[in-house]
Amino acid sequence: MAGTGSAGRTGGADSADAAGSADPAAGADDATAAVLAERAARAAGGLLRRLRGTQAARGRPKDGHEIVTDADLRADALIRDVLAARFPAHRMVSEETWDGWREGMFDGPVWVVDPMDGSTNFAHDYPYVSVSVAFAVDGVVRAGAVHAPFLGQTFTAVKGGGARCNGSRLAVADTSVLGDALVGTGFPHRREELDAVLERVRRLLLNCRDVRRAGSPALDISLVATGMLDAHTESLAPWDVAAAGLIATEAGARRGNLLPEPFPLPPDLSGTGVVVAAPGVYDALWELLAAEGEVA
């Protein structure tokens, strides 16, 4: 199934969770999209809870050190069903069905999805896992949800409407000194060239309070919105940053990219060398990572 295809129904036992009625002519206003994004993320999260510790949680190689599980694929199909039940003509770009970047793939209404961010964690029964669903129009993310099914947290945002966790309004930390900042980061699945990654971690460890690497960047970026993390930085894909980036910026974070994208992507979907941080530490963190010497 192509990543840029219609969000058409796939059926199957899991599709019973796909609530909602089809209305091909209906437009997706931001509020409607936000509700649907949360519904889809929660449905997938419920599925992941049921599949935890089963054969569906067993990982198999995907790319480099990355793995995929049957649970990833079933969550992907379920999200597709939920979205198609309400907007059958909308397209969905998902990590699990993506087959390459193409011109125009983010034109019009597009759902940008990571059905499970943290597959390795899930396969090891480590609860730091999230589901990410974002709604974009012409590359601008309008609404999104990041659901952490094993932590009981659901982050949501509407462009211009703020960000929330379990209904409570979010705001980033007021940290103003980089040395006081707790910063999230990550490592690439391909480990052939680690020098730039290790240099990034070295700079963070020497100049920040501490570093966290938990294995679900969409959840890390959402935690920047809560103030639990002061920043997050690494190179990511559009489905990692689409919903979480909106959540963080709607909570007051600043966002930018240290590195150019290999393929031109809209700013809201650009994750290469991404930096998401509380305003009080953003400039200092940017300068630290952008200093002479390659940092991935």
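Before we move on, is residue 261 open to solvent by 10 Å² or more (accessible area, probe 1.4 Å) and farther than 29 Å from residue 109 by Cα?
No; evaluated as a whole, the condition is false for this residue.
Out of the residues in the stretch 104-116 that are out of contact with any Lys or Arg (no Cβ under 6 Å at 6 or more places or on another chain) and more than 16 Å from residue 43 (Cβ to Cβ), state the one that is most open to solvent (accessible area, probe 1.4 Å).
107
Given the options 97, 120, 54, name the one that is out of contact with any Pro (no Cβ under 9 Å at 6 or more places or on another chain) and closer than 19 Å to residue 217 by Cβ.
So the residue among 97, 120, 54 that is out of contact with any Pro (no Cβ under 9 Å at 6 or more places or on another chain) and closer than 19 Å to residue 217 by Cβ is 120.
Just give me the residues in the stretch 85-97 being crowded, with 23+ Cβ neighbours inside 10 Å and in a helix (DSSP H, G or I), in sequence order.
Listed by number, the list holds a single entry, 86.
Of the conditions (1) in a strand (DSSP E or B); (2) surrounded by 18 or more Cβ atoms within 10 Å (Cβ to Cβ), residue 244 clears all except one; give me its number.
Answer for residue 244: the failing condition is (1).
Can you name the residue in the stretch 180-195 that is hydrophobic (A, V, I, L, M, F, W, C) and part of a strand (DSSP E or B) and is also surrounded by the fewest Cβ atoms within 10 Å (Cβ to Cβ) among such residues?
182
So residue 167 passes all but one of these: (1) free of Cβ contacts under 8 Å to residues at least 40 places away in the same chain; (2) open to solvent by less than 50 Å² (accessible area, probe 1.4 Å); (3) of a type in the set (Gly, Ala, Ser). Which condition number does it fail?
Exception for residue 167: condition (2).
Report yes if some residue within the stretch 144-152 is farther than 25 Å from residue 28 by Cα, out of contact with any Lys or Arg (no Cβ under 9 Å at 6 or more places or on another chain) and among the small types (Gly, Ala, Ser); otherwise report no.
Taking the stretch 144-152 first, the residues farther than 25 Å from residue 28 by Cα are 149-152.
Applying the additional criterion that residues be out of contact with any Lys or Arg (no Cβ under 9 Å at 6 or more places or on another chain) yields 151-152.
Among the residues that remain, those that are also among the small types (Gly, Ala, Ser) are: 152.
Within the stretch 144-152 (the criterion being farther than 25 Å from residue 28 by Cα, out of contact with any Lys or Arg (no Cβ under 9 Å at 6 or more places or on another chain) and among the small types (Gly, Ala, Ser)), the answer is yes, since at least one residue qualifies.
One residue is enough: does the stretch 69-76 have a residue meeting the conditions among the aliphatic types (A, V, I, L, M), modelled with pLDDT of 95 or more, closer than 21 Å to residue 271 by Cα and open to solvent by 10 Å² or more (accessible area, probe 1.4 Å)?
No, the stretch 69-76 has no match at all.
All but one of (1) more than 14 Å from the chain's Cα centre (by Cα); (2) in a strand (DSSP E or B) hold for residue 200, so report the exception by its number.
(2)
Right, residue 252: open to solvent by less than 10 Å² (accessible area, probe 1.4 Å) and either touching a residue at least 12 places away in the same chain (Cβ under 8 Å) or not in a strand (DSSP E or B) (or both) or not?
no
Among the residues that make up the stretch 196-205, is at least one of them in contact (Cβ under 8 Å) with a residue 40 or more places away in the chain, open to solvent by 10 Å² or more (accessible area, probe 1.4 Å), touching a helix residue (DSSP H, G or I) at 6+ places or on another chain (Cβ under 7 Å) and among the basic types (Lys, Arg)?
Yes, the stretch 196-205 contains a residue that is in contact (Cβ under 8 Å) with a residue 40 or more places away in the chain, open to solvent by 10 Å² or more (accessible area, probe 1.4 Å), touching a helix residue (DSSP H, G or I) at 6+ places or on another chain (Cβ under 7 Å) and among the basic types (Lys, Arg).
Under 8 Å between Cβ atoms, which residue pairs at least 6 apart in sequence (or on different chains) link something in the stretch 259-288 that is in a helix (DSSP H, G or I) and among the small types (Gly, Ala, Ser) with a partner that is modelled with pLDDT of 95 or more and open to solvent by less than 50 Å² (accessible area, probe 1.4 Å)?
The qualifying pairs are 280/173; 280/175; 284/178.
The values are calculated or read from the model by the stated rules, or taken from the named source; none is laboratory data. Small disclaimer: the values here were computed from a predicted structure and weren't measured. Ideal geometry is used to build each Cβ from the backbone, glycine not excepted, and the neighbour counts take in all protein chains shown. The accessibility values were calculated without ligands, DNA or RNA, using every heavy atom of the protein model including side chains. Shrake-Rupley method; radii C 1.70, N 1.55, O 1.52, S 1.80 Å.
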